[in-house]
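Read the structure below first, then the notes.
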Amino acid sequence: KRAPPLRVVISGAPASGKGTQAARIVSGLGLVHISAGDLLRAEVAAGSELGQQAQAHMEAGGLVPDELVAALVGARLAEADCVQHGWLLDGYPRTAAQCTALKEAGIHPDLLLSIEVPDAVLVARVAGRRLDPDTGHIYHLTFKPPPPEVADRLVQRSDDNEYTIRARIQTYKAHVSAVKEALGAARLAEVDGDRPEGAVWADVSAALAAAQLGAARAADAV
Ligand code: AP5
């Protein structure tokens, strides 16, 4: 019997490397990448009512209210590509209430990947992060320098400053244990993210392979 497509949550403090590892995961496994932060930034850029409500919370380093994010992510997960190919949820759920919303929608992730990085490293990563608006690629001025031909078009996120990053780290810490507990049924893989990108990826891909094996065995047992 064919195993159902994998459903993975990637969690970690701001700038821990979720987006960087997510790019590798989706290109390797063909999962649909759903980033709660990207969905919210698209709403802000579009000037939608939801975007207007979300913006102040994001600029302050706090969380957007659960019901707004849950509706946005829930709608995306229900789309055909997610159902068919499986998904990687990046930055959701971030609170116990968001875990409950997933459960109530009958959605049970196979794996929770948690990228663990010390605070001081996070601050340095945020300061040097630059994004390519054309390709979505994530760079770092020191740790992952962009090629010269794209350097002129790179942008910095408005919430990537020292004040907001400290608030974002505190927000993350206030909720992380509750999320790990509430997603207890999923396999948990805690990965040391304070290493070069390729070394982190080696552990992430091993955790994904184990989860795939588990999903295949569960499908065979039915
Ligand atoms: P979101 O967009 O999810 O931001 P975040 O959680 O703060 O995470 P980041 O995108 O900043 O970092 P990342 O872990 O993806 O790191 P990256 O790979 O870029 O959320 C933004 C806001 O939206 C929140 O503050 C909140 O207000 C709101 N929001 C989002 N989800 C929500 C939810 N569920 N509920 C309520 N509100 C929500 O890497 C960072 C840098 O480090 C890069 O420059 C990269 O090149 C570099 N790097 C990566 N890996 C390595 C490595 N191994 N070694 C050296 N450098 C590395």
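Considering only region 72-90, I want to know if a residue exists there that is within 7 Å of the ligand (Cβ to nearest atom), at pLDDT 95 or above and among the aromatic types (Phe, Trp, Tyr).
no
Here are 149, 67: which of them is within 11 Å of the ligand (Cβ to nearest atom), over 23 Å from residue 16 (Cβ atoms) and either in contact with a strand residue (DSSP E or B) (Cβ under 7 Å, 6 or more places away or on another chain) or modelled with pLDDT of 95 or more (or both)?
Criteria check complete, one pass: 67.
Of all residues being surrounded by 15 or more Cβ atoms within 10 Å (Cβ to Cβ) and farther than 20 Å from residue 33 by Cβ in region 126-142, which is farthest from the ligand (Cβ to nearest atom)? Just the residue, please.
Once the filter is applied, the top-ranked residue is 127.
In the list 61, 19, which residue meets the criterion of being at positive phi and surrounded by 14 or more Cβ atoms within 10 Å (Cβ to Cβ)?
So the residue among 61, 19 that is at positive phi and surrounded by 14 or more Cβ atoms within 10 Å (Cβ to Cβ) is 61.
Would you mind stating whether residue 166 is crowded, with 16+ Cβ neighbours inside 10 Å, within 13 Å of the ligand (Cβ to nearest atom), of a type outside the set (A, V, I, L, M, F, W, C) and more than 17 Å from the chain's Cα centre (by Cα)?
Yes, satisfied.
Out of region 1-11, which residues are out of contact with any strand residue (DSSP E or B) (no Cβ under 7 Å at 6 or more places or on another chain) and assigned to a strand (DSSP E or B)?
Correct list: empty.
Look at region 65-97 and say how many of its residues are in a helix (DSSP H, G or I) and under 20 Å from residue 174 (Cα atoms).
The qualifying residues number 7.
For residue 155, state whether it is within 16 Å of the ligand (Cβ to nearest atom) and surrounded by 12 or more Cβ atoms within 10 Å (Cβ to Cβ).
In short, no.
Would you please name the residue that is surrounded by the most Cβ atoms within 10 Å (Cβ to Cβ), looking only at residues in region 169-194 that are part of a strand (DSSP E or B) and within 13 Å of the ligand (Cβ to nearest atom)?
Per the stated criteria, the residue is 191.
The values are calculated or read from the model by the stated rules, or taken from the named source; none is laboratory data. What you see is a predicted model, and the numbers here were worked out from it, not measured in a lab. Here the Cβ is made from the backbone with ideal geometry for all residues, glycine too, and neighbour counts use every protein chain on show.
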